[in-house]
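To start, the structure under review is shown below, and the notes come after it.
The values are calculated or read from the model by the stated rules, or taken from the named source; none is laboratory data. Since the model is a prediction, treat every value here as computed from it, not as a measurement. A quick note on method: Cβ atoms are made from the backbone with ideal geometry, for glycine too, and the neighbour counts reach across all protein chains shown.
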Amino acid sequence: MVKKVAILANGGDVSGFNAVIRGIVKTAENNGVECYGIIEGYRGLLNNDIIKLDSWKTASGILTKGGSIIGSSTNANVFNYKVEENGQVVYKDLSDVCVKNANDNGFDCIFTLGGDGTQKSARDFSLKGLNIIGIPKTIDNDVACTEITFGYNTAVSVATDALDRLHTTGETHHRIMVLEVMGRYAGWIALESAISGGADVALIPEIPYDINKAADKIKERMNNGKRFSIVVVAEGAMPKGGTITVANVRNNGIGVDNTKLGGIGERVARELQELTGLEARNTTLGYMQRGGTPTAFDRVLSTKYGAKAMELAMEGKFGVLTVIKNGKLDYVSLEDVVGNNKQIGAVSGNTAESNIRKVTMDDDLVKTARNIGINLGD
């Protein structure tokens, strides 16, 4: 019987973290279960840094609050953790320390709030005997086996608001306004915000683009009296025959994605200006997409995910991820989520083994974009 559970948030922050935490805590309390927060994700599990959570004090008033009250860690692969010994940087598998901490604290279940990398580690910990239930988080909406992740809707709403504002500037000054949004390997944000924000061109990672095709769309608009255009570019978009635009490369060890993307928006703006003769300006939305209060949709979705996860724990269903399938709450095995990415410690990345949910060409969003004349660079 589940009596004591813990929550950890891992990876980049999103709006909705706290709503999930609240959903778990309230459901736990209503069923006589103690709830704890692990501070700063897997790093906190390694350091045994925990706090008691309750709906009256520590987890009170957090439904509308962005970020995470228990923090979140990035690039914390405890299966290949960066440490310093005798003045030298080495990488060690410290996962057994995490398992010991979880067991010593008497946690009957740990809820892992995160994206593909977080859930890969969750699966690896489940193989080590911990009771794990994952909850899919990422603004990129690229976690496998679920139709939507929490945090995504808020990110799309922020991008849409930015496009609304860029419209007025573009129309006033007869410019091409480019908006670079997040989306490392999946173009969900770019595609959906392009539709909701009335963009003319949307460039996504799944469709290597021909910049001349995008320029042709803008020229067509110019010939029809439209002396401005709106372009949305996912940070992971790439030209045909080219590669993604990398801002820098970090050294956080194997098993994590060490590339920091950035700069594709500036590149696209510069090339479109040269090809069309219209002035072009780029805006990189960046972390604006992650922060702030969640939308009503994300508040409800996050609460549903949290409550469902606690239900699954009480039913003894571990080693799973809560998902939305066919529009309804459900769950799938973490083994299905990681797919062929079976090697212990290999956390994430756009590899053949990774099981990332990408935009497919038969998706309704792609069909809709094409039907209404949004150019996808192909």
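Being modelled with pLDDT of 95 or more, crowded, with 24+ Cβ neighbours inside 10 Å, over 21 Å from Gly66 (Cβ atoms) and outside the structural domain of Leu278 (by TED's automatic domain parsing) is a property that does not hold for Gly129.
Scanning segment 157-202 for residues that are in a loop (DSSP other than H, G, I, E, B) and free of Cβ contacts under 8 Å to residues at least 40 places away in the same chain returns Gly197, Gly198. Scanning segment 76-91 for residues that are surrounded by fewer than 19 Cβ atoms within 10 Å (Cβ to Cβ) and in contact (Cβ under 8 Å) with a residue 12 or more places away in the chain gives Lys82, Tyr91.
The single residue among Ile62, Ile51 that is assigned to a loop (DSSP other than H, G, I, E, B) and surrounded by fewer than 23 Cβ atoms within 10 Å (Cβ to Cβ) turns out to be Ile62.
Quick one: is Ser157 of a type in the set (S, T, N, Q), crowded, with 18+ Cβ neighbours inside 10 Å and touching a strand residue (DSSP E or B) at 6+ places or on another chain (Cβ under 8 Å)? Spelling it out, it is not the case that Ser157 is of a type in the set (S, T, N, Q), crowded, with 18+ Cβ neighbours inside 10 Å and touching a strand residue (DSSP E or B) at 6+ places or on another chain (Cβ under 8 Å). A count restricted to segment 92-120 and to residues that are surrounded by 23 or more Cβ atoms within 10 Å (Cβ to Cβ), in a helix (DSSP H, G or I) and either touching a strand residue (DSSP E or B) at 6+ places or on another chain (Cβ under 7 Å) or at pLDDT 95 or above (or both) stands at 6.
Taking the condition assigned to a loop (DSSP other than H, G, I, E, B), among the small types (Gly, Ala, Ser) and farther than 23 Å from Gly316 by Cβ, does Gly32 pass? No, not satisfied. Evaluation of Lys226 against the conditions (1) in a strand (DSSP E or B); (2) free of Cβ contacts under 8 Å to residues at least 12 places away in the same chain; (3) not aromatic (Phe, Trp, Tyr) shows that the sole unmet condition is (1).
Condition check ((1) closer than 18 Å to Ala307 by Cβ; (2) over 17 Å from the mean Cα position of the chain (by Cα)) across all residues:
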{"residue": "Ile7", "(1), (2)": "yes, yes"}
{"residue": "Gly32", "(1), (2)": "yes, yes"}
{"residue": "Ile39", "(1), (2)": "no, yes"}
{"residue": "Asp54", "(1), (2)": "yes, yes"}
{"residue": "Gly66", "(1), (2)": "no, no"}
{"residue": "Gly87", "(1), (2)": "no, yes"}
{"residue": "Tyr91", "(1), (2)": "no, yes"}
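Based on this model, can you work out whether Ile70 counts as of a type in the set (A, V, I, L, M), assigned by TED's automatic domain parsing to the domain that holds Val143 and crowded, with 22+ Cβ neighbours inside 10 Å? Yes, satisfied. Here Phe318 does not qualify as among the aromatic types (Phe, Trp, Tyr) and closer than 25 Å to Arg184 by Cβ. Residues in segment 327-378 that are in a helix (DSSP H, G or I) and among the aliphatic types (A, V, I, L, M): Leu334, Val337, Val338, Leu365, Val366, Ala369. Restricted to segment 304-347, and to residues there that are buried (at least 21 other Cβ atoms within 10 Å of the Cβ) and hydroxyl-bearing (Ser, Thr, Tyr), the residue that is nearest to Gly67 (Cα to Cα) is Tyr305.
Residues considered: Glu311, Glu271. Of these, the only one that is under 30 Å from Val33 (Cα atoms) and in contact (Cβ under 8 Å) with a residue 60 or more places away in the chain is Glu311. Just so you know, in segment 121-151 the residues that are in a helix (DSSP H, G or I) and touching a residue at least 40 places away in the same chain (Cβ under 8 Å) include one that is farthest from Ile21 (Cα to Cα), and it is Leu127. None of Val20, Val25 is within 21 Å of Tyr287 (Cβ to Cβ) and at pLDDT 95 or above except Val20. The set of residues in segment 167-184 that are surrounded by fewer than 23 Cβ atoms within 10 Å (Cβ to Cβ) and touching a strand residue (DSSP E or B) at 6+ places or on another chain (Cβ under 8 Å) comprises His167, Thr169, His173, His174, Arg175, Arg184. Against the definition (modelled with pLDDT of 95 or more and in the same structural domain as Trp188 (by TED's automatic domain parsing)), how does Asn248 come out, yes or no? Spelling it out, it is not the case that Asn248 is modelled with pLDDT of 95 or more and in the same structural domain as Trp188 (by TED's automatic domain parsing).
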